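The values are calculated or read from the model by the stated rules, or taken from the named source; none is laboratory data. Quick caveat: nothing in here was measured; it's all calculated off a predicted structure. Cβ sites come from the backbone with ideal geometry, for glycine too, and all protein chains shown count toward neighbours. What goes into the accessible areas is simple: the full protein's heavy atoms, side chains included, and nothing from ligands, DNA or RNA. Shrake-Rupley method; radii C 1.70, N 1.55, O 1.52, S 1.80 Å.
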Amino acid sequence: QVRLVESGGGLVQAGGSLRLSCAASGISLGVNVLAWYRQVPGKERELVATIHRGGSTTIENSVQCRYNISGDRARNTVYLQVNSLKTDDTAVYYCNAPHTKRGDFWGRGTQVTVSS
């Protein structure tokens, strides 16, 4: 069973940084990419970054200069480093694992709140 657990969110002042973690289990077969999404109440969930099994990464243009995604294979953990935070970054950040046969798996999310 695929299980994703996010952590690392919190309240931070504008300009600050956070490192979000996604601890993944059950992804050895059928999952070739892990992704971070974020969602603001009343809006659709939006893709932020992806990391593929081979190590390649993508970052959405809107946050490309401030966000970075990385992975630790030994810990089965993916990180999202978020820097120079703005109030617009306030959202729930979710980890996503699209399984090739079983559809999308999601974690419960971690709240990031940026104060001005």
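Results, tabulated for the structure shown:
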{"item": "Accessible-area composition of the chain, carbon plus sulfur, in percent [1.4 Å probe]", "result": "46 percent"}
{"item": "Distance in nm between pseudo-label sites at V40 and Q1 (7 Å out along the Cβ direction from Cα)", "result": "3.5 nm"}
{"item": "Vicinal HN-Hα couplings computed from phi for the range 12-23 (Karplus, 6.51 cos²θ - 1.76 cosθ + 1.60; Hz; Gly/Pro x)", "result": "9, 6, 3, x, x, 9, 9, 10, 8, 10, 10, 8"}
{"item": "FRET efficiency for W106 and C65, using Cβ-Cβ distance with R0 set to 35 Å, rounded to 0.05", "result": "0.85"}
{"item": "Those residues of the range 74-110 whose amide nitrogen sits under 20 Å from the label point placed on L29, 7 Å along Cα→Cβ", "result": "76, 97-106"}
{"item": "Unit charges at the beta carbon, dipole of the range 52-100: most positive-side option, T90, S56, L80", "result": "S56"}
{"item": "Accessible solvent surface per residue of the chain, calculated while the other protein chains remain in place, 1.4 angstrom probe, Å²", "result": "57 Å²"}
{"item": "Peptides ranked, highest mean first, by Cβ atoms within 10 Å: ranges 9-18, 39-48, 63-72", "result": "63-72, 9-18, 39-48"}
{"item": "Residues with amide H under 5 Å from that of F105, placed H, sequence gap 5 or more", "result": "A97, H99"}
{"item": "Base-10 log of normalised Debye intensity for the range 50-104 (one unit scatterer per alpha-carbon) at q = 0.16, 0.18 Å⁻¹", "result": "-0.59, -0.73"}
{"item": "For the range 64-71, Karplus couplings with θ = phi - 60° (6.51, -1.76, 1.60), whole Hz, Gly/Pro x", "result": "4, 7, 10, 10, 9, 10, 8, x"}
{"item": "Rg ratio (alpha-carbon, reference 2.2 N^0.38 Å) - the chain", "result": "1.01"}
